[in-house]
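Q: For reference, the structure I am asking about is given below.
The values are calculated or read from the model by the stated rules, or taken from the named source; none is laboratory data. Predicted, not measured: the structure shown is a model, and the values here were computed from it. A quick note on method: Cβ atoms are made from the backbone with ideal geometry, for glycine too, and the neighbour counts reach across all protein chains shown.
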Amino acid sequence: MRHRKKGKKIGRTSSHRKRTLQALSNALIENKRITTTVAKAKALRPFVEPLITRAKEDTQHNRRQVFRHLQNKEAIQELFDEVSERVGNRPGGYTRVIKLGQRSGDGAELALVELVDYNDVPPADTGGGGSGGTRRGSGKGRRRQTEKEQDSQAKDPSAESSEDAAEDVAESAAEDESAEGETSEGEMSEGEAAEDASDTDKK
């Protein structure tokens, strides 16, 4: 039984897991956001956030304690100089995990891990992708589109008036064309009648 055993093994031995979290932490500190699996992202948060908390107080002891976990001088310099200033007085919760859906190759659940202070605006859509409709197409999207069009027409009556004016112009143009056709046919019939009369006079 795993009673009171905190943490995730993520399918690795103790040493392998330690190096994996170390590499992910260095990449996160350097790039401010990384893409990994959901399991690794959940295991990374309790590993890297205490290190960021220690970086708030820049002392020799804290630097040595953080270096014990990261083993990277450039990451230590970035963490204590830049990241700690951006974090400020934030009381924890330095990272954000956003699910990205399944990976195309093996179907693993992907997630985006980023530092909150480098992106204060959360994304609007944090779902696992897709348009939200069913595979068979229940028509939900079409209903939403028609509702949006009705709302836009209700909000903008000038659009309806412009459409009505355009329809009136098209109808008047069609009537003019039909009237011209009738007049031309009348002229042709008169001309034929005159030709018939001249032929009878000659006879």
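Q: State yes or no: is ALA41 closer than 19 Å to GLU109 by Cα, assigned by TED's automatic domain parsing to the domain that holds ASP117, surrounded by 15 or more Cβ atoms within 10 Å (Cβ to Cβ) and out of contact with any Gly (no Cβ under 7 Å at 6 or more places or on another chain)? Please lay out each step first, then the result.
A: Details: closer than 19 Å to GLU109 by Cα: yes; assigned by TED's automatic domain parsing to the domain that holds ASP117: yes; surrounded by 15 or more Cβ atoms within 10 Å (Cβ to Cβ): yes; out of contact with any Gly (no Cβ under 7 Å at 6 or more places or on another chain): yes.
Against the criterion (closer than 19 Å to GLU109 by Cα, assigned by TED's automatic domain parsing to the domain that holds ASP117, surrounded by 15 or more Cβ atoms within 10 Å (Cβ to Cβ) and out of contact with any Gly (no Cβ under 7 Å at 6 or more places or on another chain)), ALA41 qualifies.
Q: Quick one: would you say LYS56 is among the basic types (Lys, Arg) and in contact (Cβ under 8 Å) with a residue 24 or more places away in the chain? First the steps, then the outcome.
A: Values: among the basic types (Lys, Arg): yes; in contact (Cβ under 8 Å) with a residue 24 or more places away in the chain: yes.
For LYS56, the condition - among the basic types (Lys, Arg) and in contact (Cβ under 8 Å) with a residue 24 or more places away in the chain - is met.
Q: Still on this structure, I have one more. In the stretch 67-100, which residues are among the polar types (S, T, N, Q) and either in contact (Cβ under 8 Å) with a residue 60 or more places away in the chain or within 15 Å of ALA27 (Cα to Cα) (or both)? Outline the logic, then answer.
A: So in the stretch 67-100, the residues among the polar types (S, T, N, Q) come out as 71-72, 77, 84, 89, 95.
Across the stretch 67-100, the qualifying residues are GLN71, ASN72, GLN77, THR95.
Q: So, one more: Within the stretch 15-38, work out how many residues are free of Cβ contacts under 8 Å to residues at least 60 places away in the same chain, crowded, with 18+ Cβ neighbours inside 10 Å and of a type in the set (S, T, N, Q).
A: 3
Q: Can you work out which of the residues in the stretch 44-64 that are of a type in the set (S, T, N, Q) and surrounded by 15 or more Cβ atoms within 10 Å (Cβ to Cβ) is nearest to LYS6 (Cα to Cα)? If you could, list the steps in order and put the result at the bottom.
A: Quick first cut of the stretch 44-64, residues of a type in the set (S, T, N, Q) only: 53, 59-60, 62.
Among the residues that remain, those that are also surrounded by 15 or more Cβ atoms within 10 Å (Cβ to Cβ) are: 53, 62.
Numbers: THR53: 20, ASN62: 24 Å.
That would be THR53.
Q: Say whether the condition of being of a type in the set (A, V, I, L, M, F, W, C), at pLDDT 85 or above and in contact with a Leu (Cβ under 8 Å, 6 or more places away or on another chain) is met by at least one residue in the stretch 115-131. Even if it seems obvious, please write down each step before you answer.
A: Within the stretch 115-131, the subset of a type in the set (A, V, I, L, M, F, W, C) is 115-116, 121, 124.
Among the residues that remain, those that are also at pLDDT 85 or above are: 115-116.
Those left that are additionally in contact with a Leu (Cβ under 8 Å, 6 or more places away or on another chain): 115.
Scanning the stretch 115-131 turns up at least one residue that is of a type in the set (A, V, I, L, M, F, W, C), at pLDDT 85 or above and in contact with a Leu (Cβ under 8 Å, 6 or more places away or on another chain).
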